Amino acid sequence: MGGCVSTSSKSTCSSRSHGETGPPSCFEIGFCWKKSTKRTFADHVVTLQHLPFIPSRIFTNGKSRTSCIFTQQGRKGINQDAMIVWEDFMPEDVTFCGVFDGHGPHGHLVARKVRDALPIKLLSFLRSSQSRESGTGRTRFKRKPKKSDAEDPEKDDGSAEEKFNSLWQEAYLTAYKSMDKELRSHPNLDCFCSGSTAVTLVKQGSNLFMGNIGDSRAVLGSKDSNDSMVATQLTVDLKPDLPREAERIKRCKGRVFALQDEPEVSRVWLPFDDAPGLAMARAFGDFCLKEYGVISIPEFSHRVLTERDQFIVLASDGVWDVLSNEEVVEIVSTTPTRSSAARTLVDSAAREWKLKYPTSKMDDCAVVCLFLDGKMDSESDYDDQGFSSATVQSNHSGNVVESDDGQKSEPCLQRNFTVRSAEDSDSYGRLLTDMEGDGETLAAEDQNWSGLEGVTRVNSLVQLPRFSEERPAS
């Protein structure tokens, strides 16, 4: 499990060590090729049909060379969470990780679709970007030193790092937009009132690139000067009560308010109907709200890892609703075996749900634990935990074979009633929406905002909207 297909030799492009802080010496984005070097398997991936044959990609409960993942269904219906770790995503120590939390009648299918298609869209953009740069698509981006570089190397490093970050930011923005566009036009997947969060990262050597929409979260566990573990939140929970999110939604005629019986949960509502009550400001799908301020543009960020950084935890809000960042880092850092860290964290969240909200239905939980030193336990230690080292083609975890098109008979998620109840929705029509523009500014403000810790997350959607042929005049 997790083995690299390629037997390629080391590239001349230097791979940064874990503790180095500078930008890469060349723009290695995974599609380099020379006669003396074989391409990794990720280079061949262009369609979803290739996914079952990639040994370094896991999406069910299991472990890889550097990570472990685990998900558990809550008590609200079918598990709508999805997760992925894709090692050897590109050459030169590149790993892709993601957690996706679906919501709405078809949220489980949306989350799985995004899990499978989004990383391929990232690869596709990088391939085309390199092709435009080189004209062949089979050469690497190298910095060409100028005479001024020797005189002012710091200026050159800054320029290279800026270009490198810009490339990844454009890749994330393009891939997320393309993903949402594909969902909107999907012939067999109704995303009108269904959607998904997405917190994803690409680790390339010591560089960490992240894209986030919704309220799933990434947290970094590091050691301080006293070798004590500290937690650093890497992403912002993009909820409707963030000032910049609320301002955009209201500018687009959407409404933001909380219900009386859950005053701590702000929601997004249509201008002409008290629906659907989406508990996040950005998401894939949810096209009934895309004209009213909900967007799928990710918040992008870059971080350079240091030797003190130990691991990263990606998780859906089923974990963050009951555990703080510090508690999550403590649980993972004290787990006897690394390979059991994800499961131990989910088990801890399940216990907290029972203690804190005994009358509420536990939410689905999905966890990815990525260990930054690249070390994991032995296979025998892992087997003792009762797991299976899952790969896509073997599906050792025993999960039901998934169908992104929804053609396989599978129970449909009914709207659950954790706190409030409402009438079953009538059939609804389709509202045509346009994709959001490229000009949206990704502000870095509001970094101190986070999810409401300890708040029962009732439903991401309250109820489905009802549309009549005539709408109230605006």
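If you scan segment 256-273, which residues turn out to be surrounded by fewer than 20 Cβ atoms within 10 Å (Cβ to Cβ) and either in a helix (DSSP H, G or I) or in contact (Cβ under 8 Å) with a residue 24 or more places away in the chain (or both)?
LEU259, ASP261, GLU264, PRO271, PHE272, ASP273
Could you run through segment 56-84 and say how many residues are at negative phi and in a loop (DSSP other than H, G, I, E, B)?
Final tally of qualifying residues: 14.
Given the conditions (1) out of contact with any helix residue (DSSP H, G or I) (no Cβ under 7 Å at 6 or more places or on another chain); (2) touching a residue at least 40 places away in the same chain (Cβ under 8 Å); (3) part of a loop (DSSP other than H, G, I, E, B), and given that ASP377 satisfies all but one, which numbered condition is not satisfied?
Of (1) out of contact with any helix residue (DSSP H, G or I) (no Cβ under 7 Å at 6 or more places or on another chain); (2) touching a residue at least 40 places away in the same chain (Cβ under 8 Å); (3) part of a loop (DSSP other than H, G, I, E, B), only one is false for ASP377: (1).
Against the definition (at pLDDT below 95, open to solvent by 10 Å² or more (accessible area, probe 1.4 Å), aliphatic (A, V, I, L, M) and under 19 Å from the mean Cα position of the chain (by Cα)), how does LEU48 come out, yes or no?
yes
Testing ALA117 on (1) under 10 Å from the mean Cα position of the chain (by Cα); (2) surrounded by fewer than 24 Cβ atoms within 10 Å (Cβ to Cβ), one condition comes back false. Which one is that?
ALA117 satisfies all of (1) under 10 Å from the mean Cα position of the chain (by Cα); (2) surrounded by fewer than 24 Cβ atoms within 10 Å (Cβ to Cβ) except (1).
Only residues that are surrounded by fewer than 16 Cβ atoms within 10 Å (Cβ to Cβ), at pLDDT below 90 and either closer than 29 Å to ASP286 by Cβ or among the aromatic types (Phe, Trp, Tyr) (or both): list them for segment 124-173, please.
Of everything in segment 124-173, just one residue is surrounded by fewer than 16 Cβ atoms within 10 Å (Cβ to Cβ), at pLDDT below 90 and either closer than 29 Å to ASP286 by Cβ or among the aromatic types (Phe, Trp, Tyr) (or both), namely SER128.
Starting from residues that are in contact with a strand residue (DSSP E or B) (Cβ under 7 Å, 6 or more places away or on another chain), hydrophobic (A, V, I, L, M, F, W, C) and more than 18 Å from LEU270 (Cβ to Cβ), keep the ones in segment 225-250 and report whichever is surrounded by the most Cβ atoms within 10 Å (Cβ to Cβ).
LEU238
Within the group LYS121, LYS203, LYS181, which residue is out of contact with any helix residue (DSSP H, G or I) (no Cβ under 9 Å at 6 or more places or on another chain), modelled with pLDDT of 75 or more and under 18 Å from ILE297 (Cα atoms)?
LYS181
Could you give every pair whose Cβ atoms fall below 6 Å, whose first residue belongs to segment 335-358 and is touching a residue at least 12 places away in the same chain (Cβ under 8 Å), and whose second residue is open to solvent by less than 50 Å² (accessible area, probe 1.4 Å) and among the charged types (D, E, K, R), counting only separations of at least 6 or pairs across chains?
Listed pairs, sorted by first residue: THR337/ASP377; ARG338/ASP377; SER339/LYS63; SER339/ASP377.
Can you name the residue in segment 156-208 that is assigned to a helix (DSSP H, G or I), among the small types (Gly, Ala, Ser) and free of Cβ contacts under 8 Å to residues at least 40 places away in the same chain and is also nearest to VAL268 (Cα to Cα) among such residues?
Here the answer is SER166.
Restricting the search to segment 291-323, which residues are buried (at least 24 other Cβ atoms within 10 Å of the Cβ) and charged (D, E, K, R)?
ASP317, ASP321
The values are calculated or read from the model by the stated rules, or taken from the named source; none is laboratory data. From a predicted model like this one, the values you see are computed outputs, not experimental measurements. Methodologically, a virtual Cβ is constructed for each residue, glycine included, from the backbone with ideal geometry; neighbour enumeration extends over all protein chains shown. The protein model used for the area step is the full one, side chains on, heavy atoms only, and it has no ligands, DNA or RNA in it. Shrake-Rupley method; radii C 1.70, N 1.55, O 1.52, S 1.80 Å.
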